[in-house]
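Since the structure comes first, as C-alpha cells, the remarks are kept for the end.
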Amino acid sequence: MCEIFHKFIMGLRDFIKEYFLGFWDYETPKVMVVKNTTLGVIYRSVQFLVITYFIWYVFISQKAYQESETRPESSVYTLMKGTAVHGDDILDTVEYARPSEGGGVISTILRREVTYDQRQGTCAEYFNVANANCTRDSDCVQGEVNFDGHGRRTGRCVQYYNHTFKTCEVQTWCPIEEYAVVREPALVEAINFTVFIRNSIHFPRFKVLRGNIKDASNKRDMKKYLSKCHYNEEKEAYCPNFRLGYIADQARENFGELCKTGGVIGVFINWKCNLDLDPSHCKPTYSFRRLDLRKDQASSGYYYRFAKYYNKDGVESRTLIKAYGIRLDVIVHGHAGKFSPIPTIISTVTAMTSVGICTIICDWIMLTFIDKNEVYSERKFDEIIKEPKVPIPTELSYISSYGSNHSDLSDGVPL
C-alpha cells in the first residue's frame, strides 16, 4: 500500500515538474510547403470564401467601416381627411376619426352598432350571461355583480323583454345593448379617405435632421402640392398622403372584411441613411402590415365603445356606439452610418485574422485524412533542446536532422 502511494506521489511530482518546465517553453509556427493538389484546392477555396464574405457582406452590405446610430429622435403627426355621406347625414373627420388629429396612432370608424336612448334604471339581464336565466326570484342573488354582465342584480326574476323566458333583473343603462342595438351599414366610402403622416427624424450623433415631406420654394406651392398628391413609391415618394384603400392593399387585407371586424395596421417608416453621401439621399421607405390577430381568431379585429350624453325630459340619457374601424400605428425605425477610422481598423484586423482559419482547417485535414503514414506530422512538429552548432540553411530543402524552419514536402515524400 505504501509502495503504491509512493509511486503516486512520485508520478504527481514528475507531472507537476514537467508541466512547470513546459510552461516556459516558446512555440513558433513552422512553414511547410506541401505539394498536394487536393489540399491546395481546399486551402484556396476556403480563403476565397472568407475574403468574399468580408468584402461583400461585412464591408459592402453591412458597411462595417461606418460608425452607426440606430436610436434616432423622431416625431409623428397624423391627420385624417375625407367626407362621407351616410344616409341623410354628412360625416366629417370629427365624426369618424379618433383622434381627429394626433400623434403616432389614429383610427377611423368603418361601421357602427348604435343603442339609442339608454337611461339609468332596471331591466332584464342578457340571457347569455352566466347564471342570468331564472324561473323564480330565489334564482337571483340581490346585490350580486357579474363582471361579464351589465350591472348589479336586484334579486328579481323578470321576463326578458318581449320573449317568454325570464332572466335576472339588473340595475344598469336600459335597454341593454344586445337587445336594442341597431347595426348600421359599413362606411364603404372610407376606402378613399386619406391619412396625412408627417414624420421628422433627427440623428444627434451626426447632427442630421430629415423629414418625409418634399421641400418647396414657398408655403403656397407646398400647400398646393400636399392638397393634390397621393403617395406612390416611384412617382411621389415624398408625398405624405396615404389612401386607406392603398394601405389595406399593401397590408394584403380586404377592405370589405376590415369594415366588418376592424383591424390594426402598422405603418412602418424606415430611414436607412448613408451619410457618406449628401443628406438629400436620405429618404424614407414605407411598409404596411396587419398587427392584430387574423379574422378567424376569436379576439381579432378592432373596436371600441363610446357614448354621447344628453338630457331628455329632465333625465340624463345617452346613445351608446360600438365602433369598428381601422387603427393605424405609425412606427419609425432609423439607421444612419458614416465613415469612421476606428470601426474600419477593427473590421480590417478581424478580416485579416479570420484568414488564419484557412490554415487551421487545412492542417486538420492534412493531419487527419491525408497523413496516413505520419509523414507530415513528423516534419511539422519539431522539439529543439538546444541551439545547433551548424547554421540552418534558409532556402527550401528536404528536412535535415534538426528540421528547417521552412520545409518543402515535394516528390520525395510518399503520400
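Worth a mention:
- Segment 97-232: radius of gyration over Cα atoms, expressed as a fraction of 2.2 N^0.38 Å: 1.85
- The share of accessible area on segment 130-252 that comes from carbon and sulfur is 46 percent, using a 1.4 angstrom probe.
- A straight line joining the Cα centroids of segment 274-352 and segment 28-49 runs 53 Å.
- Nonlocal amide H pairs with SER200, under 5 Å, H built at 1.01 Å: SER75
- Mean residue ellipticity, 222 nm, helices only, the chain: the sum of -39500 (n - 2.57) across DSSP H runs of n ≥ 4, divided by residue count and rounded to 500, is -7000 deg cm²/dmol.
- Here the spin labels are modelled as points 7 Å beyond Cα on the Cα-Cβ line, and at THR52 and LEU291 they lie 4.1 nm apart.
- Net charge of neighbours whose Cβ lies under 13 Å from the Cβ of VAL76, counting Lys and Arg as +1 and Asp and Glu as -1: -2
- Cut-off under 5 Å, modelled amide H: who pairs with THR154 long-range: GLY143, GLU169, VAL170, GLN171
- Förster radius 30 Å - calculated FRET efficiency between VAL315 and ASN128, Cβ distance, rounded to 0.05: 0.55
- Taking 0.36 nm per residue of separation and subtracting the current Cα-Cα distance, fully stretching the chain between ARG13 and ILE42 would add 5.9 nm.
- For a label point 7 Å along the Cα-to-beta-carbon line of HIS335, residues of segment 257-278 with backbone N under 17 Å: 268-277
- Here ILE342 and TYR304 are evaluated by their C-beta separation; at R0 = 60 Å the FRET efficiency comes out at 0.75.
- Kirkwood radius and radius of gyration were both taken over the C-alpha atoms of the chain, and their ratio Rg/Rh is 1.30.
- The mean accessible area for residues of segment 179-235, using a 1.4 Å probe and ignoring ligands and nucleic acids, is 69 Å² per residue.
- Full extension of the chain between PHE147 and GLN171 yields a length gain of 7.3 nm, computed as 0.36 nm times the residue separation minus the alpha carbon distance.
- Mean Cα-pair separation over length for the chain, i.e. relative contact order, pairs under 8 Å, 6 or more apart, %: 20
- Hz values of 3J(HN,Hα) by residue in segment 273-289 - Karplus curve (6.51, -1.76, 1.60), Gly and Pro given as x: 10, 9, 7, 5, 9, 5, x, 5, 7, 7, 10, x, 10, 10, 9, 9, 8
- Pairwise Cα distances in segment 283-331 exceed 12 Å in 75 percent of cases.
The values are calculated or read from the model by the stated rules, or taken from the named source; none is laboratory data. Every value quoted in this text rests on a predicted model; they were computed, and no experiment measured them. With ideal geometry, Cβ positions are generated from the backbone for all residues, glycine too; neighbour counts draw on all protein chains shown. Ligands, DNA and RNA are stripped out before the accessible areas are found, and what is left, the full protein with its side chains, is counted by its heavy atoms. Shrake-Rupley method; radii C 1.70, N 1.55, O 1.52, S 1.80 Å.
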